[in-house]
1. Cβ-Cβ distance below 6 Å, separation of 6 or more or different chains: which pairs start in the range 274-288 with a residue that is among the basic types (Lys, Arg) and end on one that is more than 9 Å from ligand 1 (Cβ to nearest atom) and open to solvent by 30 Å² or more (accessible area, probe 1.4 Å)?
2. If we keep just the residues of the range 96-115 that are in a helix (DSSP H, G or I) and closer than 14 Å to Gly302 by Cα, which is least open to solvent (accessible area, probe 1.4 Å)?
3. Considering each of Asp170, Asp260 in turn, give the residue that is within 20 Å of the chain's Cα centre (by Cα) and surrounded by fewer than 19 Cβ atoms within 10 Å (Cβ to Cβ).
4. I'd like the residue in the range 253-283 that is of a type in the set (Ser, Thr, Tyr) and more than 11 Å from Thr238 (Cα to Cα) and, out of all such residues, is nearest to ligand 2 (Cβ to nearest atom).
5. Scan the range 19-44 residue by residue and report those that are in a loop (DSSP other than H, G, I, E, B), touching a Pro at 6+ places or on another chain (Cβ under 9 Å) and more than 16 Å from ligand 1 (Cβ to nearest atom).
6. Taking the options Leu242, Leu255, name whichever one is open to solvent by less than 60 Å² (accessible area, probe 1.4 Å) and among the aliphatic types (A, V, I, L, M).
7. Which one is farthest from ligand 2 (Cβ to nearest atom) among residues in the range 25-66 that are more than 17 Å from His120 (Cα to Cα) and among the small types (Gly, Ala, Ser)?
8. Suppose we filter the range 205-234 for residues that are surrounded by 17 or more Cβ atoms within 10 Å (Cβ to Cβ), within 24 Å of the chain's Cα centre (by Cα) and either of a type outside the set (Val, Ile, Thr) or not assigned by TED's automatic domain parsing to the domain that holds Asp293 (or both); how many remain?
Amino acid sequence: MSPTAEQWAAAVAAVRSAGPDDEVLLICHVNPDGDALGSMLGLGLGLRRLGLTRLQATFPGRFDVPEPYASLPGLDLLVPESAAFADPRLVLVFDVAAESRLGALAGRLTGAPCSVVLDHHATNTGFGQVRLVDPLAAATSVVAEQLLDRLGVPLDAEIAECLYVALATDTGSFKFDMTTVAVHELAARLIATGIRPGDISRRVFDTRPFGAMKLTGEVLGRAVLDPAAAGGRGMVWTWATLADLERHAQPPYVLDTLIDPVRSVAEADVSVLVKEVAANEWAVSLRSKGAVDVSGVAISQGGGGHRLAAGFTGYGEPADVVAGVRRLLDDFLN
Ligand code: 5GP
Ligand code: MN
């Protein structure tokens, strides 16, 4: 369920308990996307407006900000994991469904005197002291904006750009089921600060290197359609290797949105994209149009996500990973 009045009050008290000299660490998930970075930096800028000065934002793993997010306001808050405060007074966590997504930074959360978790995954495992987890929120930035409001921080164009990128990313540019009246009202409040949605969208969604286009062509070209899967509702899948990225000299982020053309295939309800992240280790993206609760599939494999969009880490050959998913689909038919 959505956060209670007590949880909101506890979150406000936690933030207010931090003085200007206290170290405050913001953390989002590994391989950060627009919602992870946008909600974290938007809230971080808000905390700066409140007078907190010892602020850091970080995420586990390779310290690589994907090009689409490389001009977000508040990027000066970002530090690599290795430079993050060792014993912060307050830790805030963004868009993280499970502690495993924090890597070695999970210890900062458990060690801190005070921690606040902002998230919107129904599969959130319930870690952290104060939990602002709203499965009805379209993005973690929805939760972040509500916290800023309760802290009395007015929206400005910099904060708004961060929150807008997060909101646009997680609603698939205002296309997904969660795109409610409240989402559009929030978008309107953000745009009213003077940000330019056209410029932001072009930068975030519609600008990719030539090599990324060629790579996309190859990965889509090898897609397989399996009409009998998911109780006859159909599954389409494809895979991308580290060698594919290397051949086209592309960074991993260019694969982040590749599930979108795959999931648009009319003949399949379920789509699967298997992306190599290390030798024999694959980040598996799952999408459904409604026939299957793919978060159930993901959880059963140690991952998580939302009912119609989820993921997990798989091992072995891509075809075997997908065969495993195919077997599980029948258990989670709606
Ligand atoms: P994507 O396929 O875009 O990487 O992720 C889709 C959704 O599933 C996101 O909400 C993401 O947070 C979640 N997700 C993806 N991979 C994992 C994973 O390995 N573990 C968990 N807990 N959630 C994941
Ligand atoms: Mn999110």
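1. Here the result reads Arg287/Arg263, each pair linking the range 274-288 to a residue that is more than 9 Å from ligand 1 (Cβ to nearest atom) and open to solvent by 30 Å² or more (accessible area, probe 1.4 Å).
2. Let us first name the residues in the range 96-115 that are in a helix (DSSP H, G or I), namely 99-111.
This time we only want the ones that are closer than 14 Å to Gly302 by Cα, so: 99-101.
Numbers: Glu99: 70, Ser100: 94, Arg101: 98 Å².
Filtering first and then ranking leaves Glu99.
3. Values: Asp170 fails: surrounded by fewer than 19 Cβ atoms within 10 Å (Cβ to Cβ).
The conditions single out Asp260.
4. Step one: list which residues in the range 253-283 are of a type in the set (Ser, Thr, Tyr), which gives 253, 257, 264, 271.
Now drop any that are not more than 11 Å from Thr238 (Cα to Cα), which leaves 253, 257, 264.
On the way: Tyr253: 16, Thr257: 14, Ser264: 21 Å.
It comes out as Thr257.
5. As a first pass, look at the range 19-44 and keep what is in a loop (DSSP other than H, G, I, E, B): 19-23, 29-33.
Right, trim to touching a Pro at 6+ places or on another chain (Cβ under 9 Å) and you get 22-23, 29-33.
Listed by number, the residues that qualify are Asp22, Glu23.
6. Working: Leu242 fails: open to solvent by less than 60 Å² (accessible area, probe 1.4 Å).
Leu255 is the lone residue from the list that is open to solvent by less than 60 Å² (accessible area, probe 1.4 Å) and among the aliphatic types (A, V, I, L, M).
7. Among them, the one singled out is Gly51.
8. Here the count works out to 3.
The values are calculated or read from the model by the stated rules, or taken from the named source; none is laboratory data. Computed from a prediction, not measured in an experiment: that's the story for all the values here. Reconstructed Cβ throughout: ideal geometry from the backbone, glycine too, with neighbour counts over all protein chains shown. When the accessible area is computed, the model is the full protein with side chains, heavy atoms only, and any ligands, DNA or RNA have been set aside. Shrake-Rupley method; radii C 1.70, N 1.55, O 1.52, S 1.80 Å.
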